[in-house]
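The values are calculated or read from the model by the stated rules, or taken from the named source; none is laboratory data. Keep in mind that this is a model prediction, so the values were computed, not measured. Here the Cβ positions follow ideal geometry from the backbone for every residue, glycine too, while neighbour counts run over all protein chains shown.
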Amino acid sequence: MTVLEQPGAYRPTPPPAWRPRVDAAPLLPDAEPYRLLGTAAAADVPADLLTRLHRELVHGRRYNAQATALTRQGRLAVYPSSTGQEACQVAAGLVLEERDWLFPSYRDTLAAVVRGLDPVQALTLLRGDWHSGYDPHTHRVAPLCTPLATQLPHAVGLAHAARLKGDDVVALALVGDGGTSEGDFHEALNFAAVWQAPVVFLVQNNGFAISVPLAKQTAAPSLAHKAVGYGMPGRLVDGNDAAALHRVLDEAVRRARGGKGPTLVEAVTYRIDAHTNADDATRYRTDAEVEAWRAHDPIALLEDAMRDRDLLDERSVEAVRESAERLAADLRERMNQDPVVDPMELFEHVYANKTSQLREQAAQLRAELDAETGADESEKGAR
């Protein structure tokens, strides 16, 4: 006889406040990544959307190439390229309304640029001039986040606060596959689901967290399957299919805006370039693997689909490429100008009202700068 079978034994029963069992099937992602391009359903995608996606993809590819070149020239300290996964960046940048918020990671400068941020401002952090080269409130783009996944709880907090205030706002948070191994990922998804916050999580599964492949991070069938454990739907999508990704994200944003809570979207893509310019990717992956993914290039996939619908010809392709070259030339010219940096600005955007410690530090720095200026003037006079 077990303890619970003994007469008078305490038998715990779930109190009424406990949630009843729910059917998890609707939360499960598809077995295979969702695709549109190359299928019969692609005929239903609006032509103007395909044209916009194509333009932004071509511009994005050239932007990545130019930013990478700037690191070689010493104009950027580091650049995490999104070459190969531009469809994720473009879809994220286009799917939101003006009032919504984008929460990027360090690799998501292109998404911020597509949303309307000046490319030079987007690269300022990677130049080492500012912690954020733009006003987040003006552009509704949170500061580029270098620590892994810490932007996710921030996105949930903003979305939840907006709903409490009655603001019709959705937050879209981007993270890499490596970021899903962080505690912040768990905390953000758990809070978002409990609060039914209007937030969408986009995981760009590009195969590696620097040099660590996904198989060494998780045993889950897919990252999208993790959504079920939190009580939100998971969607698995081809991250190189720009049209499919835009549709899935659009549905998730509409769902969040309609008060139905968060969605976890996993976009299966690939990082063609190294993790950053400081990384040697040949140490942990083969050229054959990279070439296999080049055959699934997001620009080529979209151009093939557009040609099938007579939406693209060589003349229009060349026009988009020329436009991309103009953007690259403008970026190159402005990034080659030495910035004028005022050290006193370090204290301007820490607190709305400076603390006594900040005022003391600012005064100390001002005294040092004035003394340095005086020494320089004395040296010039001696000459």
- Item | Among (1) in contact with a Lys or Arg (Cβ under 7 Å, 6 or more places away or on another chain); (2) within 21 Å of Val78 (Cβ to Cβ), the one test that Pro143 misses | (1)
- Residues satisfying the stated conditions in the stretch 242-260, i.e. surrounded by fewer than 21 Cβ atoms within 10 Å (Cβ to Cβ), in contact (Cβ under 8 Å) with a residue 60 or more places away in the chain and closer than 17 Å to Ala193 by Cα: Arg257, Gly259, Lys260
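Within the stretch 131-163, track down each residue that is over 13 Å from the mean Cα position of the chain (by Cα), outside any helix (DSSP H, G or I) and in contact (Cβ under 8 Å) with a residue 24 or more places away in the chain.
Going through the stretch 131-163, the residues over 13 Å from the mean Cα position of the chain (by Cα) turn out to be 131-140, 153-154, 156-163.
Imposing the further condition that a residue be outside any helix (DSSP H, G or I) reduces the set to 131-135, 140.
If the condition is that a residue be over 13 Å from the mean Cα position of the chain (by Cα), outside any helix (DSSP H, G or I) and in contact (Cβ under 8 Å) with a residue 24 or more places away in the chain, then Arg140 is the only one that fits.
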- Item | Residue that is surrounded by the most Cβ atoms within 10 Å (Cβ to Cβ), among those in the stretch 198-224 that are polar (S, T, N, Q) and within 16 Å of the chain's Cα centre (by Cα) | Gln204
- Query: Mind checking which pairs have a first residue in the stretch 207-229 that is in contact (Cβ under 8 Å) with a residue 24 or more places away in the chain and a second that is in a helix (DSSP H, G or I) and aromatic (Phe, Trp, Tyr), Cβ under 9 Å, 6 or more apart or different chains?
  - Reply: Gly207/Trp293; Lys226/Phe185
- Message: Exactly one condition in (1) part of a helix (DSSP H, G or I); (2) in contact (Cβ under 8 Å) with a residue 60 or more places away in the chain; (3) over 19 Å from Glu56 (Cα atoms) is false for Ala278; which is it?
- Response: (1)
- Message: So Ala77 ticks every box in (1) within 26 Å of Val169 (Cα to Cα); (2) at pLDDT below 95 but one. Which box is left unticked?
- Response: (1)
- Task: Only residues that are in a helix (DSSP H, G or I) and under 18 Å from Asp297 (Cα atoms): list them for the stretch 62-91, please.
- Result: Arg62, Tyr63, Asn64, Ala65, Glu86, Ala87, Cys88, Gln89, Val90, Ala91
- Task: Could you check, for the stretch 102-118, whether at least one of its residues is modelled with pLDDT of 95 or more, of a type in the set (A, V, I, L, M), in a helix (DSSP H, G or I) and under 22 Å from His349 (Cα atoms)?
- Result: yes
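Can you tell me which residue among Glu322, Glu289 is part of a helix (DSSP H, G or I), of a type in the set (D, E, K, R) and more than 25 Å from Val113 (Cα to Cα)? Don't jump to the end; show me each part of the working.
Details: Glu322 fails: more than 25 Å from Val113 (Cα to Cα).
Of Glu322, Glu289, the one residue that is part of a helix (DSSP H, G or I), of a type in the set (D, E, K, R) and more than 25 Å from Val113 (Cα to Cα) is Glu289.
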